[in-house]
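Step one of this worksheet: look at the structure below.
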């Protein structure tokens, strides 16, 4: 288990739109670009094996890509190599962080100094949401999945604890980048569940069409 003393001052950063990682959750990734293969090779040589997942900011076409300042670092806890040199890896979420500045160097991938202050909850025990109305939540989720033509293992969702349920659905649903960021930055599990319900209800009301009007 990680403690605050185990968290490094700088980490490699992987910007990937829509790929949300949350503390104590797991994110599978397919690594194939040469710069990220190099990132993975370097990461596996460290004691912490942490990679920071961040969401790109939506910027006008032609402008330099920018990143949200808050991301989540995950530890490489599983990987397998394909015959053509690609990797399938699993990141286990450890803690959110705030990007302070990019680290200059010769690596082909981005590295950044990380500030871990304010995210002590991420290194603690599993969070609970005693006010979760599971039946109502799963009913709403069922309508959303039907509208999006998505499938899931409903038995597992019925049995999952509150944190696993809420975080897994937050990571799975195909929300846009800014919505994913709002879920990431929620200060606690209850706020994340409230944000998630709002996003599900908004989508069912035709939120995409409303945004275009």
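Given the criteria assigned to a loop (DSSP other than H, G, I, E, B) and either surrounded by 14 or more Cβ atoms within 10 Å (Cβ to Cβ) or in contact with a helix residue (DSSP H, G or I) (Cβ under 8 Å, 6 or more places away or on another chain) (or both), does residue 18 qualify?
yes
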Given the condition touching a residue at least 12 places away in the same chain (Cβ under 8 Å), in a loop (DSSP other than H, G, I, E, B), closer than 19 Å to residue 185 by Cα and touching a strand residue (DSSP E or B) at 6+ places or on another chain (Cβ under 6 Å), answer yes or no: does some residue in region 71-83 qualify? no
Okay, helices (runs of 4 or more DSSP H) sitting entirely in region 97-213 with 2 or more residues that are crowded, with 16+ Cβ neighbours inside 10 Å, I get 134-148, 162-172, 177-185, 189-204
Only one of 77, 59, 43 that is surrounded by fewer than 17 Cβ atoms within 10 Å (Cβ to Cβ), modelled with pLDDT of 95 or more and over 15 Å from the mean Cα position of the chain (by Cα): 77
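The values are calculated or read from the model by the stated rules, or taken from the named source; none is laboratory data. Bear in mind the structure is a predicted one, so any value in this text is a computation, not a measurement. Positions of Cβ are generated from backbone atoms using ideal geometry, with glycine treated the same way; all protein chains shown enter the neighbour counts.
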